[in-house]
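Laboratory data are not the source of any read-out in this text; all were calculated from the coordinates shown. Computed from a predicted structure; not experimentally measured. Counting neighbours? That spans all protein chains shown, and the Cβs are built from the backbone with ideal geometry, glycine included.
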Amino acid sequence: MDFENQRTAHANGLVQTSFGRASVTSTGKAGWGIPGRRMTLVEMTVAGGFGLLAVAVVATLVERARRRRHAVPAGHRPEIRLPFEAPFELYHNALSLCSMKTRLCLAELGIAYRSHPVDLIETGRYQNIRAAFLRVNPAGTVPVLVHEGHPVYESHEQIRYAARVAPAGAPSLIPDDPALRAEMERWIDRTSLTEDPLRHGDRSAGNAVPGLTVPLFATMIERIPSWRILEGLLFHFDKQRPLVFLALKLLGIRRIDRLGPATAAIARSRRQMAGHLDALEERLEESGGPWLLGAGYSLADVGWCVVLERLRQTDSLRSFLANGDRPRLEAYWARLRARPAYREAITGHSHPLIEYGLERIVAAKRADPRIRRCLEGDSEEHRSADRGVRSLEAGARP
Ligand SMILES: N[C@@H](CCC(=O)N[C@@H](CS)C(=O)NCC(=O)O)C(=O)O
């Protein structure tokens, strides 16, 4: 029912209207709510369509209001109380880089926690933007560590916090020496994902990770029905993310080179990551290993382990290690993977779509040199990648 039409009907002397009933006058003039004739099937369909549309619009607006998000300050928030059953609880996702980091840290510290897996679209659905999760983290991101009912936001803060409050007997992941502690802090920052990855991949390896994950997103999303992305288009706070997933879903890994912004992001992130890995190689030489700070494993190694794991999951590590260019990094990666915490926190939480996605990336690169160039660059450096890293891959299999 349209207010303007009602007014016109009155002005024409065609009398009274009735909400919910449409009719046509005996003079044959059409008018909503004017008695005289029943609606035709077409009119009923149109009216029904508009009715449904109105209901859908209202429902969407109500749902958007329920899902309102806002940024949260990083760190421990003692003033917030969430329901809890165990001293430590973790809301996390199998693929998420930041979730892997906090899981790994908790495993290294031997801290048991109640696990709350939260899906992101790449692992199945947009659980992170639903009202229930937004009550845990109004920012809509994982991971969230909850200690005695109080949340700790942002993974780099979670690992610092967990290392500080770990029960007696847990290994210390923070060195006593102030100089080493400062060094560790620098590396935590350099592996954190804290800024816009499209603009600041040069500042940290963590920021360079999402660009390099694009091919994995493209293959994992193959298995997710398109209508699930719709939820993101309607309710995600950053519309760019579901739009990227939709584009990747439509094009697929085999045509990823046609998606200009994605290929540009991959190339840029690859260059940036190469710079961070060179810095890591230098640091390992300086410290003398086996760990970033020397003899003691620390939070800095936790940060690097998950970045390197993501490079494994996207099949990009082989190109970074081609030609034996970064021998210390290669040995360091082998040591990181040999730790029981890696098995517990990473392999033990793998998702079938991650290994599926990795296989599809490898197959797409083998099948089409254009895709290989798009994902790995066009340089000589990758020639011997398969040869150079085959031994590494064999070692990576748990
Ligand atoms: N700086 C945050 C970043 C958190 C973040 O962006 N998490 C990603 C997964 S790694 C996420 O939840 N994304 C939600 C989405 O893509 O919809 C942290 O370190 O915890």
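Taking ILE253, ILE346, ILE224 as the candidate residues, the one with maximal mean-square fluctuation in a Gaussian network model of the chain, Cα springs under 10 Å, is ILE224.
Where the centre of each part is set by its Cα atoms, how far does segment 166-218 sit from segment 268-315, in angstrom? When both Cα centres are located, 9 Å separates them. Taking a ≥ b ≥ c as the square roots of the eigenvalues of the Cα gyration tensor, an a/c ratio of 1.5 or more together with a/b no larger than b/c marks segment 75-165 as oblate. Ordering PHE50, PHE88 by the number of other Cβ atoms within 10 Å of each residue's own Cβ, fewest first, gives PHE50, PHE88.
Taking amide H as placed 1.01 Å from N in the peptide plane, HIS76 has its amide H under 5 Å from the amide H of TYR153, each at least 5 places away in sequence or on another chain. Just checking the listed ones, VAL55, VAL302, VAL118: in the Gaussian network model of the chain with Cα springs under 10 Å, the one fluctuating most is VAL55. Could you work out the local net charge near ALA267, counting Lys and Arg as +1, Asp and Glu as -1, over the other residues with Cβ closer than 12 Å to its Cβ? With Lys, Arg at +1 and Asp, Glu at -1, the net is +1.
Sort ASP301, ASP238 by Cβ crowding within 10 Å, fewest neighbours at the top.
ASP238, ASP301
A Förster distance of 56 Å, applied to the separation of the beta-carbon atoms of GLU286 and ARG68, puts the FRET efficiency at 0.70.
Ordered by the count of other Cβ atoms within 10 Å of each Cβ, fewest first, GLU231, GLU79, GLU185, GLU376 give GLU79, GLU185, GLU231, GLU376. For segment 178-396, the Cα-based Rg and Dmax, in that order, read 17.5, 52 Å. Partner aspartates and glutamates whose Cα lies under 12 Å from the Cα of LYS239, excluding those fewer than 8 positions away in the same chain, are identified as GLU231.
So what does the Cα-only Debye profile of the chain read at q = 0.06, 0.08, 0.10 Å⁻¹, as log10 I(q)/I(0), no solvent term? After summing over all Cα pairs, the log10 values are -0.33, -0.51, -0.70.
Among the helices of the chain, those built from whole DSSP H runs whose Cα atoms reach 30 Å or more along their own axis and whose mean Kyte-Doolittle hydropathy is at least 1.0 are 41-66.
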